[in-house]
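To keep things clear, I will list the structure first and then write my remarks on it.
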Amino acid sequence: MLALVVVVLLAVSLAVPLPSLFPWPLVVLAALYAWTLGGGEVDQWSPMYAGAFVAVAELAYWSVELRGRAQDSERLTERRAALIAVLSLLGVTAGGLVLAATSIDVGSGILLDLVGVAAAIGALVVVARLARTRS
Amino acid sequence: MKRTASPKLGAYAGLAALGLLAALVLGRPELAVIATPFALVLFAGLVAAREPQILVSLELDRERAIEGEIVTITIDLHALTPVERLELHVPLPDNLELVEGGTPFTLRLAWDEERTIELKARCKRWGAHLVGEVFLRAHDRLDLFGYEGTVDRRRPLKIYPRAEELRSLVPPLETQVFTGNQVARTKGEGIEFADLRRYEHGDALRRINWRASARRGELWVNEMHPERNTDVIIFLDTFVEAREEEGESTLDVAVRAAATLADRYLRRKDRVGLIGFGGYLNWLLPSSGLIQLYRIVDSLLDTEIILSYAWKGVDVIPPRTLPPKALIFAVSPLLDERAVTTLLDLRARGFDLAVLEVSPVAFASAATGEREELAYRLWRLKRDALRARYQRFGVPVVEWHEGEPLEGALAEVGAFRRQARYSRV
């Protein structure tokens, strides 16, 4: 039922179009996915889902872009379609690498959790700094 | 160029952050797996983002064109940095219609690539324009940033009204004192034979008509009509116009006729002046030559309908623009009372006046109901009555419809004037 709501939300945000709404169906889908995982084993198909998520997001933004696009004489459509395919494949590969990394036993504990949090924050800080310096 | 972040940038950053955070909180690596591609796209896009450097130049193949001609707009682009997607828009004035190429259009430019784009546009209507403001919008490969800018490469383009076919003109009744192509009604030095008279002391020997002298037994000389120039004032009524939806108007047609008349009269070495009589008054003193033609046409290009409720009469027209013995050739749809009254005032002041009525009838939509049909008929009758009123004052009024030859309308003016002259006799 919730998945249907997600599809409707995505369809509405595409039809209007409302690019600011695009992430929310993905967030809800990811939440649903996390819910279905529960406390079970690590899902080996998650890299595929990661690739699919990126593909959905890229296609959604591309659809908005296509609406306002001017006359195209450079085969840009084909190039963009290929880029999305490559991004999805790279997403699957990167997800696979991350998944493989999780299988390495490096121990556990609060210290490791703190390192993980610091790494996540560090990554976001790097992204934020890059975005600031470029604007 | 002004840089703007696309909605995708914020969305991907949010998704990546949320995914990583959720993975840490819930202890599920799958969520980190899902967040990873978004983070990677974001990172790659930010590292690769560079402000595009593009040199733009724009040229028109001509500065002056005539209605119906094709103008080529050449845009040269030189990319100093690669541009994945460049949207380029050159807004064209309404009077230009693209016939080849399109704007806006999208293209990709490689490193140091030079590209030439040609747009061909047909000049639909006369007017003076500045063409060449170029709007640029570039996107990076992953579409995280957009770069927008405007390059001002405007070039002037004057679209002149196309000339109507015209072989003969309406000659003014009176001529001026300077040499021209119009045979004067007075007698003097000229080529056209006028009359015979007795020889008087001082007459040139070459003017003696030997045959007439032999017949009469005394010397008789030929009298000639001199060739003189004339003054023509083109009176353009710009108070109101009748316009088709998305189409031509009476003003478009009137300007075309005025430009044609000015061109033809100036070719005859006549002096031509212009009065644009409407919401604002625009005038050019009579003069002759090619420069005057350019002055008149440039002035006509600026002609537009300015809505005004102020009463204007003949008193607002500078007296120097109306030389004595000038032919005033009015081009008017005869829709505004002020123009109608002013023309009658000019006639009452003794000016030689002819009215070319640019008929608004063709621009009026067809009557649909009984009442509308009645109103339409009344309107037509009122116009006929107005025409008859002018004719009572000895002013020829000819109705001219777009598409019909102007020559025919002028022939009608000439016929009326001949008839009027005979009736006076």
Can you tell me what share of the DSSP beta bridges in the protein assembly as shown is antiparallel? A percent to the nearest 5 is fine.
70 percent
Provide a whole-number value for the mean count of partner chain Cβ atoms within 10 Å of the Cβ atoms in peptide A:48-54.
5
Counting only DSSP beta bridges with both residues in chain B, what percent are antiparallel, rounded to the nearest 5?
70 percent
Put +1 on the Cβ of each Lys and Arg and -1 on the Cβ of each Asp and Glu in chain B; which of B:Ile317, B:Leu107, B:Pro333 then has its Cα farthest toward the positive end of the dipole?
B:Ile317
Per residue convex hull volume, Cα only, region B:325-425, in Å³ is 105 Å³
For chain B, alpha-carbon Rg and Dmax in angstrom
33.9, 138
I'd like the distance between the alpha-carbon centres of region B:336-396 and region B:1-67, rounded to an integer number of Å.
65 Å
Taking H as built 1.01 Å from N, whose amide H comes closer than 5 Å to the amide H of B:Trp283, not counting residues under 5 places away?
B:Gly276
Could you work out, for region B:1-115, what percent of all Cα-Cα pairs fall into each 5 Å distance bin, beginning at 0 Å and stopping at the bin that holds the largest distance?
2, 9, 13, 14, 11, 10, 9, 8, 7, 5, 4, 3, 2, 1, 1, 0
Residue order, fewest to most beta carbons within 10 Å, for B:Tyr160, B:Tyr309, B:Tyr280
B:Tyr309, B:Tyr280, B:Tyr160
So how do B:Ser249, A:Ser46 line up by other beta-carbon neighbours within 10 Å, fewest first?
B:Ser249, A:Ser46
Cα-based Rg and Dmax for chain A, in Å, come out at 18.2, 57
What does the charge add up to near B:Phe239, with Lys and Arg as +1, Asp and Glu as -1, over the other residues with Cβ less than 11 Å from its Cβ?
-2
For region B:210-231, list residues with backbone N below 15 Å from a point placed 7 Å from the Cα of B:Leu196 toward its Cβ?
B:210-224
Two-decimal ratio, region B:54-160, of alpha-carbon radius of gyration to 2.2 N^0.38 Å:
1.13
Compare the peptides B:363-369, B:351-357 by average per-residue count of other Cβ atoms within 10 angstrom and give them in order, highest first.
B:351-357, B:363-369
Just need the relative contact order of region B:230-424 here, percent rounded to a whole number, with Cα pairs under 8 Å and 6+ apart.
23 percent
Using θ = phi - 60° and the Karplus relation 6.51 cos²θ - 1.76 cosθ + 1.60, list the HN-Hα couplings for region B:46-58 in order, rounded to whole Hz, with x at every Gly or Pro.
5, 5, 7, 5, 9, 5, x, 10, 10, 9, 10, 9, 9
Less than 13 Å from a label point 7 Å out along the Cα-to-Cβ axis of B:Ala364: which backbone N atoms in region B:231-247 qualify, by residue?
B:242-243
Give the aspartates and glutamates reachable from B:Lys8 as a straight Cα distance under 14 Å; neighbours fewer than 8 places away on the same chain don't count.
A:Glu58, A:Glu65, B:Asp140, B:Asp143
Compute the length gained on full extension between B:Trp311 and B:Asn222: take 0.36 nm times their separation in residues and subtract their Cα-Cα distance, giving the result in nm to one decimal.
26.7 nm
Exposure proxy order (Cβ contacts within 10 Å, fewest to most) of B:Thr186, B:Thr175
B:Thr186, B:Thr175
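What is chain B's relative contact order, in percent, from Cα pairs under 8 angstrom and six or more apart in sequence? Don't jump to the answer; show the numbers that get you there.
Values: 846 pairs, mean separation 51.0, N = 425.
For chain B, the relative contact order is 12 percent.
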Can you check what the Kirkwood hydrodynamic radius comes to for the protein assembly as shown, Cα pairs only, in Å to one decimal?
30.7 Å
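Laboratory data are not the source of any read-out in this text; all were calculated from the coordinates shown. None of the values given here were measured: they were computed from a predicted structure. All Cβ positions, glycine included, derive from the backbone under ideal geometry; neighbour counts span all protein chains shown.
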